[in-house]
Amino acid sequence: MLRITQLKVPIIYSEQDLMKKAAKKLRIPSEKIRDLKLIRRSLDARKKPELCYVCTVDVTLAGGEETRILKGKKDPDINPAPKPYRFPYSGMKEMAEKSLQEGKKPPIVVGYGPAGMVCAYYLSLAGLKPLVIERGKKASERRRDVERFWKEGVLDPDSNVQFGEGGAGTFSDGKLNTLIKDKDGRCREVLSLFASMGAPEEICYDHKPHVGTDLLIGMVENLRKKTEQLGGQVLFETKMTGLLQKDGAICGIEIEGKDGKTKNLSCDQLVLAIGHSARDTFYMLQRQQIQLEAKAFAVGFRVIHPQNVIDLDQYGNADEKSKEALGAAAYKLTARTDSGRGVYSFCMCPGGYVVNSSSEPESLCINGMSYHDRNSGYANSAIIISIDPVDYPGGGNDPLSGIAFQRQLEKKAYEMAGGAVPVERYKDFVSGVKGSDGSKKSKQELTIEDLPVKGRWQEAPLHEMLPSEYNNSFIQAMTQFGKKLPGFDDDTVPLCGIESRTSSPVRILRGPDGQSQLTGLYPVGEGAGYAGGITSAAMDGLLAAERICRQYFGKEKEEANDD
Ligand SMILES: Cc1cc2nc3c(=O)[nH]c(=O)nc-3n(C[C@H](O)[C@H](O)[C@H](O)COP(=O)(O)OP(=O)(O)OC[C@H]3O[C@@H](n4cnc5c(N)ncnc54)[C@H](O)[C@@H]3O)c2cc1C
């Protein structure tokens, strides 16, 4: 199989067009191409309004053609296709059965977000019958709790936007792009898994793949059902409340059921996939002297723009058909400011909503989400300022001081607007920061139409939220962004706060084999501080499954199975 890169096609194109382009590049008739698979498609808008896709395809050619072309090849865009990733333990059911019968204990996975879900699926595929512990509820029940919270403000601390089946990413835009280098093919593997569970096929080749909340919920449920079919088990509304350890190794966990009763479960392999919001669990780990360290993250505000402003900036006056095929436009912005702090756009949601994503009583944080068709008519993203442990209370000496810092901000955001999402127009934010007497306050009231927010919102002095140094960095960056995307720093732009859960402020230390200082304990995903986003958390879950299988079956089995 050959891999061909840099194939340009118009936004509206057919597989035939791609085939012709590939044949032209290979200087062979199309008939010689037996099979063509689209591997990657990214938008090239450098010559807008002339937009096109740049594609990478894998082709299988008629007998002997590939060797001939590779022998004489001069074109750097034509290469042998890389070997696809293959999970090395999928055929180990019998051996797994045998080792479990001989008394080996099934692994336990705590947390059913992307990291825990994918880890549990592959452990089940290997026949190891993992037990998953999830403090939240099944996706369908969880959806009811989340919508009730947005409508009535009633928060369930264990069933909300952060906690429950599918983890933090379920009520999201479901963007699946990641900056992680995918040299082993794990990224493509998890995307294909998600597609096989109901996510749109395009996620396997689009440069910026996304699912949307409406499709994510079904995908997550299908993955759980498949994992259960393969022998895995998921206990919902069950919280891990303690670790059991003996001679430097994990030997079990303490759990608390929805009836509040606790009991112990034993295991020799424990995956901690708890996410960045499991604060009670981080404090428990600290009490049990699990090695933790404070980690940098970022805080900021979400900005909202009419989607057509962003579409015009990104697509120019491209033809309607192409714009329709492309859907709502995205952007990615970064700025370096005088304070030396990086300010950048994060979790941009084209055609999406700002969501109240709180998980603790009397504290408030926000994030963004969208549905698959991204048609709210508004674009939003968090414009966030990078902060380091030195900025945390006590200078970051306490590994959990970042959580304390987040809690301070979220409490302030809650109080600032009586539990509603605090909102302020950019003009008023700037004049507030600059300390003007408010006489310049914008006359235009914020009307409901302007705010695609899930949850109550209320006007409030957001400029009083962060230290002035952060505010000034924010304003400086907004000015730079306004030069890149006209209208971005318009006076009327609504800001919402506070975006404080951008990544985990803590890292649970692990060694090169993925284990913490406790043998058998595998911290994974975003909460452990080794991933940021759905796909990288899922990839980390897959890696942990491989590592645990290696413990069960040994490396040689992996090699034998790899051929
Ligand atoms: C609203 C929102 C939108 C987002 N949008 C995107 C996006 O578009 N694209 C993207 O890539 N990322 C997005 N993210 C980030 C992404 O969701 C996370 O990076 C990802 O979910 C991390 O996966 P994880 O499995 O490591 O942890 P999580 O998804 O956080 O899952 C952890 C799970 O562990 C459970 N848990 C915690 N403590 C315990 C305990 N003691 N016992 C039992 N269970 C426990 C929790 O209930 C939770 O279900 C978004 C996040 C939010 C909140």
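The values are calculated or read from the model by the stated rules, or taken from the named source; none is laboratory data. In this text, all values refer to a predicted model and were calculated from it rather than measured experimentally. For neighbour counting, all protein chains shown are included, and Cβ atoms are generated from backbone atoms with ideal geometry for every residue, glycine included. We work out accessible area using only protein heavy atoms, side chains counted, and drop any ligands, DNA or RNA first. Shrake-Rupley method; radii C 1.70, N 1.55, O 1.52, S 1.80 Å.
On the stretch given as the range 286-305, residues that are buried (at least 21 other Cβ atoms within 10 Å of the Cβ) and more than 25 Å from the chain's Cα centre (by Cα) total 0.
Only residues that are of a type in the set (S, T, N, Q), farther than 12 Å from Tyr552 by Cβ and open to solvent by less than 70 Å² (accessible area, probe 1.4 Å) were counted in the range 82-106, giving 1. Take the conditions (1) surrounded by fewer than 24 Cβ atoms within 10 Å (Cβ to Cβ); (2) within 14 Å of the ligand (Cβ to nearest atom); (3) in a loop (DSSP other than H, G, I, E, B); Gly136 misses just one of them, which is (1).
Inspection of the range 263-273 finds a residue satisfying the criterion of being within 15 Å of the ligand (Cβ to nearest atom), open to solvent by 10 Å² or more (accessible area, probe 1.4 Å), touching a strand residue (DSSP E or B) at 6+ places or on another chain (Cβ under 9 Å) and of a type in the set (S, T, N, Q). Screening Tyr283 against (1) within 23 Å of the chain's Cα centre (by Cα); (2) within 20 Å of Tyr392 (Cβ to Cβ) leaves a single unmet condition, (1).
The set of residues from the range 139-154 being within 17 Å of Val354 (Cα to Cα) and either within 9 Å of the ligand (Cβ to nearest atom) or open to solvent by 40 Å² or more (accessible area, probe 1.4 Å) (or both) comprises Arg143, Glu147, Arg148, Lys151, Glu152, Gly153. Looking for something among the hydrophobic types (A, V, I, L, M, F, W, C), part of a loop (DSSP other than H, G, I, E, B), touching a residue at least 40 places away in the same chain (Cβ under 8 Å) and away from the ligand (no atom under 16 Å from the Cβ) - is there at least one such residue anywhere in the range 217-231? For the range 217-231, residues among the hydrophobic types (A, V, I, L, M, F, W, C), part of a loop (DSSP other than H, G, I, E, B), touching a residue at least 40 places away in the same chain (Cβ under 8 Å) and away from the ligand (no atom under 16 Å from the Cβ): present. Output yes when any residue across the range 21-29 is in contact with a Gly (Cβ under 7 Å, 6 or more places away or on another chain), open to solvent by less than 60 Å² (accessible area, probe 1.4 Å) and over 29 Å from Lys321 (Cβ atoms), and no when none is. The answer is no; no qualifying residue exists.
Okay, residues lined up against (1) touching a strand residue (DSSP E or B) at 6+ places or on another chain (Cβ under 8 Å); (2) open to solvent by 10 Å² or more (accessible area, probe 1.4 Å); (3) assigned to a strand (DSSP E or B):
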residue: Asp338; (1), (2), (3): no, yes, no
residue: Val355; (1), (2), (3): yes, no, yes
residue: Pro361; (1), (2), (3): no, yes, no
residue: Asn375; (1), (2), (3): no, yes, no
residue: Ala379; (1), (2), (3): yes, no, yes
residue: Ile403; (1), (2), (3): yes, no, no
residue: Pro422; (1), (2), (3): yes, no, yes
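Within the range 155-186, the set of residues being among the hydrophobic types (A, V, I, L, M, F, W, C), buried (at least 18 other Cβ atoms within 10 Å of the Cβ) and within 12 Å of the ligand (Cβ to nearest atom) comprises Val161, Phe163, Ala168, Phe171, Leu176. The strands (runs of 3 or more DSSP E) found entirely in the range 450-563 that carry 1 or more residues being in contact (Cβ under 8 Å) with a residue 12 or more places away in the chain and among the polar types (S, T, N, Q) are 457-459.
Taken over the range 187-201, the criterion of being farther than 15 Å from Tyr122 by Cβ and either surrounded by 15 or more Cβ atoms within 10 Å (Cβ to Cβ) or basic (Lys, Arg) (or both) is satisfied by Ala195, Gly198, Ala199, Pro200. Which members of the range 101-122 meet the condition of being away from the ligand (no atom under 14 Å from the Cβ) and out of contact with any Phe, Trp or Tyr (no Cβ under 9 Å at 6 or more places or on another chain)? Gln101, Glu102, Gly103, Lys105, Pro106 - these are the residues of the range 101-122 that are away from the ligand (no atom under 14 Å from the Cβ) and out of contact with any Phe, Trp or Tyr (no Cβ under 9 Å at 6 or more places or on another chain). When the range 511-532 is filtered for residues that are within 7 Å of the ligand (Cβ to nearest atom), touching a helix residue (DSSP H, G or I) at 6+ places or on another chain (Cβ under 8 Å) and open to solvent by 10 Å² or more (accessible area, probe 1.4 Å), the ones remaining, listed by number, are Glu526, Ala531.
Phe282 fulfils the conditions (1) part of a helix (DSSP H, G or I); (2) within 30 Å of Ile12 (Cβ to Cβ); (3) open to solvent by less than 40 Å² (accessible area, probe 1.4 Å) except for a single criterion, (2).
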